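Visitor: The structure's right below; bear with me while I get my questions together.
Where a number appears in this text, it was derived from the coordinates with a stated rule and is not lab data. These numbers were taken from a predicted model, which means no experiment stands behind them. Here Cβ is always computed from backbone atoms with ideal geometry, including for glycine, and neighbour counts include all displayed protein chains.
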Amino acid sequence: MEIKYTIQGLLIYITIAAYLLALFVSLLRRPRAGHVLYVLGFVVAVVSFGYRWYHVRHVPMQNLFEVFLGLGMIYPVSVFCRRVLRIGGRSADMLIGAVVLVPAGFFFDAEPQKLPPALQSWLFAPHVAVYMISYVFMAKAASHAIWQLAGRSPIDDENLLPPEEATYKLICIGFPLLTLGLILGSVWGKLAWGDYWGWDPKELWSLASWLVYVGYLHYRYMFGKRHPRVNSVWAIAGVVVIVVTLLWVNLSRLFAGLHSYGAG
Amino acid sequence: MQGALWGPAEWRNNMVMSVQRGPKNRLRRAAMWAAMAIIMLLFFLSVYGAFIGPKRAKELFNSTVLGVYWVAFALLLMVGVVLFRRLLRVPALLLVHAGCILILAGAIWGSEAGRSLQKTLLGIDIVPTGQMQIHEGYSDNRVILEDNEIHELPFYIKLKDFRVEYYEPGHLYIQTRQGDTAWELPVEIGAELQLDPGFGAVEILRVFENFRITIDGDNRTAVDEPGTGINAALEVRIKTPDGRVSTRYVFDRSRGHIYPDSPLYMSYERVIRDYVSELQVIRNGRVVAEKDIEVNHPLHFGGYHFYQHSYDAQAAEYTVLMVSPDSGLASVYSGFLVLCIGAFWHFWLKRPPKVAMPQSAQTRSAEPDQEANKWKSNTQSRAY
């Protein structure tokens, strides 16, 4: 653990503080003030991402530090979910935003790096961005799954979806993105390494996470009505596998492979 | 799989499998169980494969047993399309499953077993994935496989030139012997850096792409011979605080070398931006294709892709290409496209028909209202 005494570090810490304060204020039933703080945190997160982009002179998605910096810009997902999908959980989003920025602020190496030849591809940004967005939706789906298991539901006057259905809807948004991320990675693998599937540990974990959601969708179709709580277990399992895919593969020496350069 | 992201909640909630009695439904149920089993088996195999490393994982997933598994997977998907009429009524869902079938079919066709089958049944002899080592100015058609077996392509590849490109500028990295202080100076002739008091200053005098020493009697002269090898170096002048001036050569290759009488460690650091091989394809003595290949930009010719794989790190005089056949690739890429279109269409764009509840959901129970209420009570209870 290391505190970053840099402008980048300062921006990350301000974002974390704004998100946590927004969460705290929201829990004290001051939703308007919480919302203002959430927006403030988001603005600082965007500035932080833009600053990094300017600093490294390429789309900042090269390593875990940059990926987690991007994941911190979660606010648009909250707005989309609430306004378009009628899905709540803004407080959880604030917490997710703060949590994903903690490793960026305290653990991952922020040393700027030049893009190695393999990453100089038009597929670099779309592949990583699509995965990041899908991961945010899947994390949000898991939070609703936990609420469903805890037996909680939205307040009637907010006209929001119940947790199980919200989980399903979020997975419906995230699953095509997860599929696209896997396919873009595969096409990129063919261009860069000569094969669309290299049996690399990160590829296999990505396939495993995709399969959990395929399993979720089939299970829900088959038994979902009779065992709705199990649906939620699938959704939580999915996010656990995503965390392994995202973190463990890059950090652990157990899974050294083609994606090792992504370790932050 | 379920669908319909946008629509009445009741409709969506009831988009679950019809559990009618009868032999056909028993068959559907069995197929669904088989699908769940095959998905979960692949999940566990993927996790296991991640632990054993890419080489062993490739062997595992290409083994005969798993060959049977892949064929069974593809067949089950086809059986699913036939058994579940809904797949035929919902084109997006059909595309998702058809995409998976195409990917599996292409992968099987392009695998080692698939290539053997092509040779036996159709007489198509495809050169498997291997490597070619070609020197500058020479052409070759021999592909060396992992087991050192040599196959010949029906055309030749000529290497006109190979070069390594670097990010500009490189950096002169300076560090104290104790490692407690470090400086970086962007490489430019005439660039000067004042170090901390006690260490003096450094100045970059010359930059060499390929450093060589010529000896003429007792005179030794440093010269640059670009194009004949790789030996990047810097000529650096060091001024100590007491006014002494010395010259030092700092090399890109021999990082970590420390002069015995110097309090400073120096290295010339360059980051590789790209590797470029200028290739020509020669068939019957004529150049039929030409491309400068680099990482992410392979050459495609005659059913093969040629990738920049490795190079001569000492003198940059030869390149190593990876040769990979395209067998089954069209099917796999079509599958990717179809799967993607189907997934976005089904989960993002499809609107449900304007009915309150599908027949399938109503037939699930003799008392559908009671069942629906039970479902609702399972998904809603206390407030957030």
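Visitor: Treat the count of other C-beta atoms within 10 Å as a stand-in for reagent exposure and order A:VAL187, A:VAL214, B:VAL65 from fewest to most.
Guide: Listing A:VAL187, A:VAL214, B:VAL65 from fewest to most nearby Cβ atoms yields B:VAL65, A:VAL187, A:VAL214.
Visitor: Which percent of Cα-Cα pairs in the range B:48-182 sits in each 10 Å bin, short to long?
Guide: Bin by bin from 0 Å, the calculated values are 9, 20, 22, 20, 15, 9, 4, 0.
Visitor: Provide a whole-number value for the mean count of partner chain Cβ atoms within 10 Å of the Cβ atoms in peptide A:179-191.
Guide: Numbers: counts 9, 5, 0, 3, 10, 2, 0, 4, 3, 1, 0, 8, 6.
If you average over the peptide's residues, the count of other-chain Cβ atoms is 4.
Visitor: Reachable aspartates and glutamates from B:LYS291, Cα under 19 Å, same-chain residues fewer than 8 places away excluded?
Guide: B:GLU136, B:ASP140, B:ASP161, B:GLU165, B:ASP274, B:GLU278, B:GLU317, B:ASP326
Visitor: While we're here: Are there any GluC sites (Glu not before Pro) in the range B:83-158 that are in a DSSP loop and have at most 15 other Cβ atoms within 10 Å? List them by number.
Guide: Of the GluC sites (Glu not before Pro), the ones in loops of the range B:83-158 whose Cβ has at most 15 other Cβ atoms within 10 Å are B:GLU146, B:GLU149.
Visitor: Separate question: Defining a contact as two alpha carbons under 8 Å apart and six or more residues distant in sequence, what relative contact order in percent does chain A show?
Guide: 18
Visitor: For chain A, list the DSSP H helices whose alpha carbon atoms reach 27 Å or more along the long axis and whose average Kyte-Doolittle value is 0.0 or above?
Guide: What comes out of the filter, once short or polar helices are dropped, is A:7-27, A:31-56, A:124-149, A:163-193, A:201-223.
Visitor: Here's something else I'd like to know. Other chains near A:216-222: what is the mean number of their Cβ atoms within 10 Å of each residue's Cβ?
Guide: That works out to 6 on average.
Visitor: Could I ask something else about it? Per-residue mean of other chain beta-carbon atoms within 10 angstrom of the beta-carbon, peptide B:27-40?
Guide: Shielding by partners across B:27-40 averages 2.
Visitor: Let me understand the protein assembly as shown better: what is its radius of gyration from the alpha carbons, and its Dmax, in angstrom?
Guide: Taking only Cα atoms of the protein assembly as shown, I get Rg and Dmax of 29.7, 107 Å.
Visitor: Also, I was wondering about something else. Give me the percent relative contact order of the range A:199-250, please, defined on Cα pairs under 8 angstrom at least 6 residues apart.
Guide: Relative CO of the range A:199-250 lands at 52 percent.
Visitor: Show me the ranking of peptides A:147-154, B:69-76 by mean Cβ neighbours inside 10 Å, starting with the highest.
Guide: Descending mean neighbour count gives A:147-154, B:69-76.
Visitor: Hey, what did the range B:95-222 get for relative contact order, percent, Cα under 8 Å, at least 6 apart?
Guide: Once normalised by length, the contact order is 10 percent.
Visitor: From the P(r) of chain A, could you give the percentage of C-alpha pairs in the tail past 34 Å? All intermediate terms of the calculation are to be shown ahead of the outcome.
Guide: Details: 6454 of 34716 pairs.
Tail of P(r) above 34 Å: 19 percent of Cα pairs.
Visitor: So, one more: In the range B:59-124, how does Rg compare with the Kirkwood Rh, expressed as the Rg/Rh ratio over alpha carbon atoms? Walk me through the numbers before you get to the answer.
Guide: On the way: Rg = 14.0 Å, Rh = 13.0 Å.
Here Rg/Rh amounts to 1.08.
Visitor: Per residue of the range B:189-203, in order, report the coupling 6.51 cos²θ - 1.76 cosθ + 1.60 (Karplus, θ = phi - 60°) as ³J(HN,Hα) in whole Hz, putting x for Gly and Pro.
Guide: Karplus values, whole Hz, x for Gly and Pro: 4, x, 5, 10, 9, 8, 7, 5, x, x, 10, x, 9, 10, 9.
Visitor: Using a ≥ b ≥ c from the Cα gyration tensor of the range B:204-302 (square roots of the eigenvalues), is it rounded, prolate or oblate, where a/c under 1.5 gives rounded and otherwise the larger of a/b and b/c decides, a/b for prolate?
Guide: Since a/c reaches 1.5 and a/b is larger than b/c, the shape of the range B:204-302 is classed as prolate.
Visitor: Which entries in the list A:LYS169/A:LYS225; B:LYS119/B:LYS160; A:LYS202/B:LYS58; A:LYS190/B:LYS58 go over 23 Å, if you measure between the two C-alpha atoms of each?
Guide: The pairs that break the limit, which is 23 Å between Cα atoms, are B:LYS119/B:LYS160.
Visitor: Pick out which of A:ALA141, A:ALA118, A:ALA129 has the largest mean-square fluctuation in a Gaussian network model of chain A, springs linking Cα atoms closer than 10 Å.
Guide: Ranking A:ALA141, A:ALA118, A:ALA129 by mean-square fluctuation puts A:ALA118 first.
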